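Structure first, then comments.
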Amino acid sequence: GSLDEQTLHGKAPVGVASAARSAGRTVVAVCGRLALSPEALRGAGISQAYPLTSVEPDVARCIADAGPILERVAVRIAEDHLG
C-alpha cells in the first residue's frame with residue numbers, strides 16, 4: 001500500500017510506530033508507494049520508509065513482481081541499518 005496523508009489519520013503503521021516509540025524502538029516502514037515527507041514520517045514515529053517504487057517506479061510491475069522487489073528493498077534496509 002501507500003504511506004500517504006491517510007496513513008497519518010489512524011492507519012495501522014502509525015499505531016505500530018506509536019507503540020514502538022513508547023517502547024523506545026526505531027521504526028522503518030516498507031510500502032508500495034511513499035507520498036509523505038521525511039518530516040511527516042518522523043512526526044508519525046517512522047524514522048525511514050522504503051517504498052518499492054524506489055526500486056521499480058512502475059506500480060504495475062511492483063504489484064506483479066513484489067517478491068523480488070521486496071528482496072531488493074530488504075537488502076537496502078540491511079545495508080542501511082546493519083552495516
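Converting phi to 3J(HN,Hα) with the Karplus coefficients 6.51, -1.76 and 1.60 and the offset θ = phi - 60°, the stretch 31-38 yields 9, x, 9, 10, 10, 10, 6, x Hz in sequence order, with x at every glycine or proline. Applying the Karplus relation 6.51 cos²θ - 1.76 cosθ + 1.60 with θ = phi - 60° to the stretch 12-27 yields 3J(HN,Hα) values of 3, x, 6, x, 5, 4, 5, 5, 5, 4, 4, 8, x, 9, 8, 10 Hz, where x marks Gly and Pro. Extending 7 Å from Cα along the Cβ direction at Ala19 and again at Arg76 yields two label points whose distance is 2.6 nm. For the chain, what does the helix formula give at 222 nm: sum of -39500 (n - 2.57) over DSSP H segments with n ≥ 4, over the residue count, nearest 500 deg cm²/dmol? Helices in the chain give a 222 nm mean residue ellipticity of -14000 deg cm²/dmol.
For the chain, what does the relative contact order come out to in percent, with C-alpha contacts under 8 Å and a separation of six or more?
Answer for the chain is 25 percent.
Close amide-amide hydrogen proximity is noted between Tyr50 and Ala29, Val30, Cys31, each under 5 Å apart and 5 or more residues distant or on a separate chain (H modeled in the peptide plane; Pro and chain starts excluded). Loop-located trypsin sites (Lys or Arg not before Pro) in the chain (DSSP state other than H, G, I, E, B) with a sparse environment of at most 15 neighbouring Cβ atoms within 10 Å: Lys11, Arg25.
No value in this document is a laboratory result; all are computed from the given coordinates. The structure displayed is predicted, hence computed values, not measured ones. Ideal geometry is used to build each Cβ from the backbone, glycine not excepted, and the neighbour counts take in all protein chains shown.
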